[in-house]
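Written out below as structure tokens is the structure these notes cover.
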Amino acid sequence: MSAPDGAILICTDLDRTLLPNGSQPESASARPRFRALAAHPDVRVAYVTGRHHALVDRAIEEFDIPVPDYLIGDVGTSIYRVQGRTWLPQHDWQQQIAASWGGRDGPALHQLIADIDGLLLQEPAKQGPCKLSYYTPEDWDRPVRLAEIEARLVHEGIAANLVWSLDEHAGTGLLDVLPAAASKLTAVQWLIRLEGLDADHTVCAGDSGNDLAMLTGPINAVLVANATADVRADAAGLAEASGYPDRLYQAKGDFHGMNGCYSAGILEGVAHYLPNSVTLWADVDA
Ligand SMILES: [Mg+2]
């Protein structure tokens, strides 16, 4: 592909988006083709995940995925430039988002909401400086409980972004309490500005609830085909409501012999917005 239009930035979720760790099968050629695309000098890759950097390192080894150029970790609350295997934290981002918690940290917020029905604190390794994370029942009464949490925090002058996802594989809900200014979308937008990248040549990819912010905003996005029917419906509704329905593509499969799940869906989505990208991987077989 010629470079005059600038570099492509692919911002992808990991679990069940790039990583084939769900119940659907993965097309054999999908990850080799993604690796070829990511290796091209005009292509940059950011992993945008709930994982922190040590767990991203583990996924790189376990699933043989490329070392990214950037990591947006902890559901958008941490941003790293990646040099070699060194993670360089972008402290400006964390300072900027931390303001909406009014100087309080996760444990202080936990004290305010710990007794709310159905909240089970996640393991210490899954907590972050600006990320307080819980398990919830799969069938948790979300509208009522989220409103209750919101009310308690607002009462204390804390502006939070409450992000809920279903981990269908584990059969559990995941709730992340983040600073109001933090989401996967706002982190991607900050990264685009920081690096002087071209938003029109950026494509975000995801599969579940905590990806919806970045999939249903003004940036080109793809929902991979293994997403559940509920997530598909939520994504379509949110994209319509935000005024950007044509910035959300839902992978369908039957694309260059691939099924649209996981990295096959990422390739399909990137090609939907940037058709020439296909030339960077089309001759790679499994
Ligand atoms: Mg995911």
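The values are calculated or read from the model by the stated rules, or taken from the named source; none is laboratory data. Computed from a predicted structure; not experimentally measured. Positions of Cβ are backbone-derived with ideal geometry, glycine not excepted, and every protein chain shown enters the neighbour counts.
Of note:
- Taking the conditions (1) under 16 Å from the mean Cα position of the chain (by Cα); (2) without any contact (Cβ under 8 Å) to a residue 40 or more places away in the chain in turn, A229 satisfies each one other than (1).
- Residue check, A125 in contact (Cβ under 8 Å) with a residue 12 or more places away in the chain, assigned to a helix (DSSP H, G or I) and surrounded by 13 or more Cβ atoms within 10 Å (Cβ to Cβ): no
- Matching residues in the stretch 256-286 - criterion: being surrounded by fewer than 24 Cβ atoms within 10 Å (Cβ to Cβ) and assigned to a helix (DSSP H, G or I): A271, H272, Y273, P275, N276, S277, V278, T279, L280
- Residue in the stretch 59-73 that is at pLDDT below 95, surrounded by 19 or more Cβ atoms within 10 Å (Cβ to Cβ) and in the same structural domain as G253 (by TED's automatic domain parsing) present: yes
- Test result for L174, under 25 Å from Y80 (Cβ atoms) and either within 16 Å of the ligand (Cβ to nearest atom) or surrounded by fewer than 19 Cβ atoms within 10 Å (Cβ to Cβ) (or both): yes
- Annotation: of all residues in the stretch 201-223 being more than 12 Å from the ligand (Cβ to nearest atom) and small (G, A, S), the one that is nearest to the chain's Cα centre (by Cα) is A213.
- Selected residue (only one of G243, G265 is over 15 Å from I8 (Cβ atoms), at pLDDT 95 or above and in contact with a Phe, Trp or Tyr (Cβ under 9 Å, 6 or more places away or on another chain)): G265
- Condition met for D230 (acidic (D, E), loosely packed, with under 15 Cβ neighbours inside 10 Å and out of contact with any strand residue (DSSP E or B) (no Cβ under 8 Å at 6 or more places or on another chain)): no
- From the list D207, D198, the one residue that fits, being surrounded by 15 or more Cβ atoms within 10 Å (Cβ to Cβ) and of a type in the set (D, E), is D207.
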